[in-house]
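Visitor: Here's a structure for you.
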Amino acid sequence: MQNQLHKLPSTAAALNSVFSMLCYFWCIPGGLIADSVGRYKTIIGAGVIYATGTLCVAFAVVHAFQSSLGWMFTGGCLVLIAAGTGGIKPNIANFGADQIGDETESQRECQKTYFSLFYLAINIGVLLAFGFFTNITTGGLPGLVDPTEGYSFAYGAGAVFMVVAVLIFIGFTGSYRRLPGNGLGPVKRLVRYQCRSLRGGGWRAVMSAIGWLCLPFFYVVTLAAVLTPAPASAGEQVFLDPCSNDSSARRLHGGTASANDALNNAALALGSLACVCLALDDEDKESFNVADARETFAAIPMLVIVNIAFNLCYNSMNNAFPSQACQMDLRIGSIQLNGAFFNIADAFAILVFTPLFESCLYPTIARIKGSPVRLGQKIIAGLLIACGSNLVAAGLEIRRRGQPFLCSAEFSQCAPGYTEDGLHGTRMRDISAFWIFLPFTLVGIAEILVNPCMYCFSYEAAPVQVRSLLQAINLFFQGSVSNAFTSVVTKLTYPNSLDAGNLENYYYVNAALAVVGICLYFAITRCAGRGKGIREVIRKEELVLDCCADDGSDDDSP
C-alpha cells in the first residue's frame, strides 16, 4: 500500500488493521450460522467463499490488470476473504474439539493439549507464508517469477492451497463426529434475556447494554477515521536521500496521522467505553430463568479484557515490527529480505516451544505445585511476555535510530518511497534486521500461553447450543475489536517517518495496556471465584494463585 498505492506509513498500517478488523467481524455471523445449521456445513461453505476470494485477489494483482481491477482486489479482500475467514475461524477449532468431547476430566485435559497443537498447526502455514511467499512478493523468484508478478504468484498459490484444503476436509467426511445445528432459538433467548435484564437488573445490566450498543458506533467511526481522505496539502510526505546532495524529493500521498484527529479521538472514546461497560457485565442476572444464558454472559468480561490487552501487543507484528525491520539492514548477500519475512520467528517459536511446553514445562510445574497448570496462570504469563516483547521492540527502535545510514547499499525495497527503478526510497540503517527476531519470538511464546487458552476457555465456558457463537465472540474481540483499537492508536502514535518520529511511543502504549489488562484480570476473577454465572468446570481454571483455589472454591475441578 505504501509504494503501489502511495499511502503514508500510518495510513497503510491503519488500513491493514481495518482489513483484519473486518475479517474478524465476520466471525459473529459465522458463529451464528454454525450454531444454527452445524459447524461442518459452515466450514465447507466458508472455505469455498475464501478460496473464491483469494482467486479474485490473485487475478486482480496481475501487473497488467492492477489499475483496472482495483475493485476486484478490494471486493476479494474486504468481502469474500473476510466472509470466508469469519465462517472458518470460530468453527474449525471447535469442530476438532467436538471430536474429543468434554464429558470427563481426562477429555477436558486432552482438549487443552488439542488447542495448543491446533495453534501449532496454524503456524506451519504461517511459516511457509512468511518464510517463502513474502519475499516473492517484492523480489520475485529468479528464473521463475518476475518481481512485477510476485504478488499474483503469492496470492495464486494461496488460492490453490485453500482449494486443496477444502477438498481434503470433504474427503474425510465419513470419519467426523458431526453435531447438528440448534437453529436460532438459543441465540434469540440470549438476546431476549439481555433485554429483559434491563428491567430490575441493576446498573451493571445497563452498563452491559451500553457496551454492546457502543460497538457498532465504534466501528463506524474507526472506518471513517481511516478511510476519510485528508486534504491534499495535509496528506503529503517528502522523501529526501540523507546520503545525497540532490535536493529533488519524492512525495507520497495518502493522509496523515493528524488529518482526522477528532474522529480518532471519538473512536478511542467509544471503544474504551464499550470495553469498560462489557467488562462490568452483570454475570449473575438473577432474573434469568435459563442457566445457559447466565453461563454465556458470564464469560464475556474475560473475553474482552484478555483479548484486548494481549492483542494490542500482538498486533505490533502486523505493521510495526516489519516496518521497523524494513529500515534495518535487510541484506543477505546480493538480495534483500522483506520485512514481513521476520514473522517466521513468531512461527518458529510456536513450533519449537509448543511441544516443549506441553511435554516438559507444564508437567514439571504441575509436579512441583501438585496440580495442573491452570488457564489463568498461562494467560497472566503470556500477558507479561507480550508486554516484554513491545518493550524490547522499543529498545531496538531507539538503538536503530542511533545507527548510521547504509549509504553504500541500495534503498530498502519494502520501506516507504521505494520506486521500481530503485532510484528513490528510504535508506536502511547499519543494524542487522535479524535483531527483530527477538520481539517476534517473545510474541510467539506469549501466543502459546494466551490464544490456545482463550480458545479452550470459550469452548468450555459456553453451553453446547452456542459454542460457535461464544468462540466467534472470542475471535471478535481478539481480532476485530483489538484491530479497531490498533487502527486508532496507530493513527495517533505511529510516525510516518521512523527516522524522524518516535515509534517507541506506540510500543509503550501497547505495553502499558497489557499491564492494565493484568490488573483488570485479577479484578474480575477476584481471586476466590467470580459470580454464580460462570460454569463450575471453568471457574477454577481462571484462578492464578493456588492458595485462592484452596481457600474459597467449592467445585471439584483440580
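Quick grid of which residues meet (1) within 17 Å of Met454 (Cβ to Cβ); (2) among the hydrophobic types (A, V, I, L, M, F, W, C); (3) buried (at least 22 other Cβ atoms within 10 Å of the Cβ); (4) touching an Asp or Glu at 6+ places or on another chain (Cβ under 9 Å):
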position: Leu375; (1), (2), (3), (4): yes, yes, yes, yes
position: Ile380; (1), (2), (3), (4): yes, yes, no, no
position: Leu384; (1), (2), (3), (4): yes, yes, no, no
position: Ser389; (1), (2), (3), (4): no, no, yes, no
position: Ala393; (1), (2), (3), (4): no, yes, yes, yes
position: Arg401; (1), (2), (3), (4): no, no, no, yes
position: Ser408; (1), (2), (3), (4): no, no, no, no
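Visitor: When the residues of region 388-411 are narrowed to those that are over 27 Å from Leu312 (Cα atoms) and small (Gly, Ala, Ser), which ends up farthest from the chain's Cα centre (by Cα)? Give the steps one after another, and end with the answer.
Guide: Taking region 388-411 first, the residues over 27 Å from Leu312 (Cα atoms) are 403-411.
When the remaining residues are screened for being small (Gly, Ala, Ser), the result is 408-409.
Details: Ser408: 38, Ala409: 34 Å.
Checking each candidate, the answer is Ser408.
Visitor: Can you find even one residue in region 134-142 that is surrounded by fewer than 21 Cβ atoms within 10 Å (Cβ to Cβ), assigned to a helix (DSSP H, G or I) and touching an Asp or Glu at 6+ places or on another chain (Cβ under 8 Å)?
Guide: No.
Visitor: Then there's this: Please find, within region 514-524, the residue that is farthest from Phe321 (Cα to Cα) out of those that are in contact with a helix residue (DSSP H, G or I) (Cβ under 8 Å, 6 or more places away or on another chain) and surrounded by fewer than 22 Cβ atoms within 10 Å (Cβ to Cβ). Break it down into steps so the answer makes sense when it comes.
Guide: At the first step, the residues of region 514-524 found to be in contact with a helix residue (DSSP H, G or I) (Cβ under 8 Å, 6 or more places away or on another chain) are 514-518, 520-521, 524.
From what's left, surrounded by fewer than 22 Cβ atoms within 10 Å (Cβ to Cβ): 515-516, 518, 520-521, 524.
Details: Val515: 20, Val516: 22, Ile518: 23, Leu520: 27, Tyr521: 27, Ile524: 32 Å.
Restricting to residues being in contact with a helix residue (DSSP H, G or I) (Cβ under 8 Å, 6 or more places away or on another chain) and surrounded by fewer than 22 Cβ atoms within 10 Å (Cβ to Cβ), the top hit is Ile524.
Visitor: OK, next. Would you please list the contacts, defined by Cβ atoms under 6 Å and residues six or more apart or on different chains, that run from a residue in region 462-478 that is of a type in the set (A, V, I, L, M, F, W, C) to a residue that is modelled with pLDDT of 90 or more and not in a helix (DSSP H, G or I)?
Guide: Within 6 Å, no pair qualifies.
Visitor: Still on this model: Of all helices (runs of 4 or more DSSP H) completely enclosed by region 15-78, which ones contain at least 1 residues that are farther than 30 Å from Pro147 by Cα and touching a Pro at 6+ places or on another chain (Cβ under 6 Å)? Walk me through how you get there before you give the answer.
Guide: On the way: elements: 27-37, 39-60, 70-75.
Once the helices (runs of 4 or more DSSP H) in region 15-78 are filtered for at least 1 residues that are farther than 30 Å from Pro147 by Cα and touching a Pro at 6+ places or on another chain (Cβ under 6 Å), what remains is 27-37.
Visitor: Which of the residues spanning region 21-55 are more than 18 Å from Ile92 (Cα to Cα) and surrounded by fewer than 22 Cβ atoms within 10 Å (Cβ to Cβ)? It would help to see each step written out before you state the result.
Guide: Looking only at region 21-55, we keep the residues that are more than 18 Å from Ile92 (Cα to Cα), and these are 21-22, 52-55.
Answer for region 21-55, where residues must be more than 18 Å from Ile92 (Cα to Cα) and surrounded by fewer than 22 Cβ atoms within 10 Å (Cβ to Cβ): Thr52, Leu55.
Visitor: Do you know which of the residues in region 164-177 that are touching a residue at least 40 places away in the same chain (Cβ under 8 Å) and more than 24 Å from the chain's Cα centre (by Cα) is surrounded by the most Cβ atoms within 10 Å (Cβ to Cβ)? Don't jump to the end; show me each part of the working.
Guide: Quick first cut of region 164-177, residues touching a residue at least 40 places away in the same chain (Cβ under 8 Å) only: 165-166, 169-170, 173, 176-177.
Then drop every residue that is not more than 24 Å from the chain's Cα centre (by Cα), which leaves 169-170, 173, 176-177.
Working: Phe169: 16, Ile170: 12, Thr173: 10, Tyr176: 14, Arg177: 10.
Going through the qualifying residues, I end up with Phe169.
Visitor: Now for a different question. Is it true that Val443 is crowded, with 24+ Cβ neighbours inside 10 Å, in contact (Cβ under 8 Å) with a residue 60 or more places away in the chain and within 16 Å of Ala309 (Cβ to Cβ)?
Guide: Working: crowded, with 24+ Cβ neighbours inside 10 Å: yes; in contact (Cβ under 8 Å) with a residue 60 or more places away in the chain: yes; within 16 Å of Ala309 (Cβ to Cβ): yes.
Here the answer is yes, as Val443 does meet what is asked.
Visitor: Residues that are more than 20 Å from Thr113 (Cβ to Cβ) and either outside any helix (DSSP H, G or I) or of a type in the set (Phe, Trp, Tyr) (or both): does region 391-403 have at least one? Walk me through how you get there before you give the answer.
Guide: The initial filter retains those residues of region 391-403 that are more than 20 Å from Thr113 (Cβ to Cβ), namely 391-403.
Of the ones still in play, those that are also either outside any helix (DSSP H, G or I) or of a type in the set (Phe, Trp, Tyr) (or both) are 402-403.
Checking region 391-403: at least one residue is more than 20 Å from Thr113 (Cβ to Cβ) and either outside any helix (DSSP H, G or I) or of a type in the set (Phe, Trp, Tyr) (or both).
Visitor: Just to be sure I understand, how many residues within region 462-495 are assigned to a loop (DSSP other than H, G, I, E, B) and surrounded by 24 or more Cβ atoms within 10 Å (Cβ to Cβ)?
Guide: Start the filter on region 462-495 by keeping residues that are assigned to a loop (DSSP other than H, G, I, E, B), which leaves 462-463, 494-495.
If we keep only those that are surrounded by 24 or more Cβ atoms within 10 Å (Cβ to Cβ) too, we end up with 462, 494.
The total comes to 2.
Visitor: Only one of these is under 30 Å from Ala514 (Cα atoms) and at pLDDT below 90: Ser468, Ser432, Ser408. Name it.
Guide: On the way: Ser432 fails: at pLDDT below 90; Ser408 fails: under 30 Å from Ala514 (Cα atoms).
The conditions single out Ser468.
Visitor: State whether the residues of region 113-128 include one that is free of Cβ contacts under 8 Å to residues at least 12 places away in the same chain and either over 22 Å from Leu449 (Cα atoms) or polar (S, T, N, Q) (or both).
Guide: Yes, region 113-128 has at least one match.
The values are calculated or read from the model by the stated rules, or taken from the named source; none is laboratory data. Source: prediction; values computed, not measured. Don't worry about glycine lacking a Cβ; one is built from the backbone with ideal geometry, like all the others, and counts go over all protein chains shown.
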